[in-house]
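Here, each number is a calculation from the coordinates, and none is a lab measurement. Just so you know, these numbers come straight off a predicted model, no measurement behind them. Note that we place each Cβ from the backbone using ideal geometry, even for glycine, and neighbour counts take in every protein chain shown.
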Amino acid sequence: MKIHCLVHLEFETLGNIKEWACSKGYPISVTMPYVNSSFPQPDEYDLLIIMGGLMSVYQEGEYTWLKKEKEFVKMAIDSGKAVYGICFGAQMLSEILGGKVSKNKHKEIGWHEVRPLESFRTDVTLFQVPAKISVFQWHGDTFSLPEGAKRLFESEACPEQGFIYGDNVLAVQFHPEVDGVCVGSLITNCSSDLVEGMYIQSENEICGRDDLIKSSSDIMFTILDWFEENIRSKAN
């Protein structure tokens, strides 16, 4: 399985995505749209992963490369490719599929509880997760559910935490890819976000949570296993 990732920040790493891919022997290629507007053809990858970012999807005037990236992602969806959006990537998928992205009432930063909805358990044949999970968040925007999508998760601060569209597009608002390096890099480069807020944790609350980093990687590996199985089934 060939994986292609869209990366939007110089300091952003692929976290445990790389660990999972290496364990399987799967190659990963990367495009940084703000540097290079050349994207792969659909037959050059099996799974497209859209990573996070500090920009907003509605800032095309400031980030002129966004328009071409959105066109590429839409082409991937229209081609039936497996597409996985994380945080900013989830917001981009919502917009491309007809949803709306806007400022959330609260910024949500740190380890916060997310709940799978009943529709996740009854209507969607998907990966298994506990009834309540603590996941890593770092966002100020939110998205609306696109028509035809199924809502999967919610949190106290942000009702829209993920959706599935068809059988090939998955979006999550949180960051299951984080490892210790990812968390440390965000704190180093985005410490100005750690202000007083109802859903903003302090550096001390965020750091040193090896238990939650482990449970987060378990979620990510389960998601990637699901994509792997779907892609393999379609190939056969």
Review point. When ranked by the protection proxy of mean other Cβ atoms within 10 Å per residue, highest first, what sequence do the peptides 210-219, 185-194 form?
Key: 210-219, 185-194
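Would you kindly calculate the translational diffusion coefficient of segment 171-210, applying Stokes-Einstein with the Kirkwood radius from alpha carbon pairs, for 25 °C and a viscosity of 0.890 mPa s, and quote it in µm² s⁻¹ without decimals? If you can, show how the numbers build up before the last one.
Values: Rh = 11.2 Å.
Reported coefficient: 220 µm²/s.
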Revision key, fill the gap. The ³J(HN,Hα) series, computed from each phi in segment 2-9 with the Karplus coefficients 6.51, -1.76 and 1.60 at θ = phi - 60°, rounded to the nearest Hz and given as x for glycine or proline, is 9, 10, 10, 10, 9, 10, 10, 9
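Using the Cβ atoms and a cut-off under 13 Å, what net charge is assigned to the surroundings of Ala157, where Lys and Arg are +1 and Asp and Glu are -1? Please list the in-between numbers first.
Details: positive: Lys103, Lys105, Lys107, Arg115; negative: Glu108, Glu113, Asp141, Glu154, Glu156, Glu160.
Every neighbour counted, the sum reads -2.
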**Study point:** Rounded to the nearest 20 debye, dipole of segment 1-133 from Cβ charges on Lys, Arg, Asp, Glu
**Key:** 300
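Using +1 on the beta carbon of Lys and Arg, -1 on that of Asp and Glu, and nothing else charged, what's the dipole of segment 170-234 about the Cα centre, debye to 20? Display every interim value, and only then the final one.
Values: 4 positive and 12 negative charges, 51 e Å.
Around 240 debye, computed over segment 170-234.
For segment 44-96, give the magnitude of the charge dipole about the Cα centre (Cβ charges: +1 Lys/Arg, -1 Asp/Glu; no others), in debye to the nearest 20. Let's see the in-between values first.
Working: 5 positive and 8 negative charges, 8 e Å.
Using only the charged Cβ atoms, the result is roughly 40 debye.
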Review point. For segment 112-212, what size does the Cα cloud have along each of its three principal axes, sorted from largest down, in whole Å?
Key: 39, 26, 23
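Counting only C-alpha contacts under 8 Å and six or more residues apart, can you give the relative contact order of the chain as a whole percent?
On the way: 429 pairs, mean separation 48.0, N = 236.
It comes to 20 percent, rounded to a whole number.
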Revision key, fill the gap. Along the dipole axis of the chain (charges at Cβ: +1 for Lys and Arg, -1 for Asp and Glu; origin at the Cα centre), the most positive-end residue among Ser119, Ser134, Cys22 is Ser119
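Would you compute, from DSSP H runs of 4+ residues alone, the mean residue ellipticity of the chain at 222 nm, taking -39500 (n - 2.57) per run and dividing by the full residue count, rounded to the nearest 500? Show your work: numbers first, answer last.
Numbers: 7 runs with 76 residues, N = 236.
Result for the chain: -9500 deg cm²/dmol, rounded to the nearest 500.
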Practice item. Starting from the exponent 0.38 and prefactor 2.2 Å, build the expected Rg for segment 156-236 from its residue count and divide its actual Cα Rg by it. Key: 1.36
Point to revise | Most positive-pole-ward Cα, Asn236, Pro40, Asn104, against dipole of the chain from beta carbon charges | key: Asn236
Point to revise | Proximal charge balance of Val195 [Cβ under 15 Å; K/R count +1, D/E count -1] | key: -4
Check your understanding: Using θ = phi - 60° and the Karplus curve 6.51 cos²θ - 1.76 cosθ + 1.60, what whole-Hz ³J(HN,Hα) does each residue of segment 226-234 get, with Gly and Pro shown as x?
Key -> 5, 4, 4, 5, 4, 5, 5, 5, 5
Check your understanding: Comparing Arg115, Arg209, Arg151, which has the greatest mean-square fluctuation in the GNM of the chain with Cα pairs linked when under 10 Å apart?
Key -> Arg209
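Report the GluC sites (Glu not before Pro) located in segment 64-117 that are in a DSSP loop and have at most 13 other Cβ atoms inside 10 Å of their Cβ, or state none. Provide the component values of the computation, followed by the final result.
Working: sites: Glu69, Glu71, Glu95, Glu108, Glu113; in loops: none.
When the GluC sites (Glu not before Pro) of segment 64-117 are filtered for loop state and at most 13 Cβ neighbours within 10 Å, nothing remains.
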Practice item. Starting from the coordinates of the alpha-carbon atoms of the chain, obtain the Kirkwood hydrodynamic radius over all distinct pairs and give the value in Å to one decimal. Key: 17.8
Check your understanding: When the Debye formula is applied to the Cα atoms of segment 138-197, each taken as the same point scatterer, what base-10 log of I(q)/I(0) results at q = 0.14, 0.17, 0.23 Å⁻¹?
Key -> -0.52, -0.71, -1.00
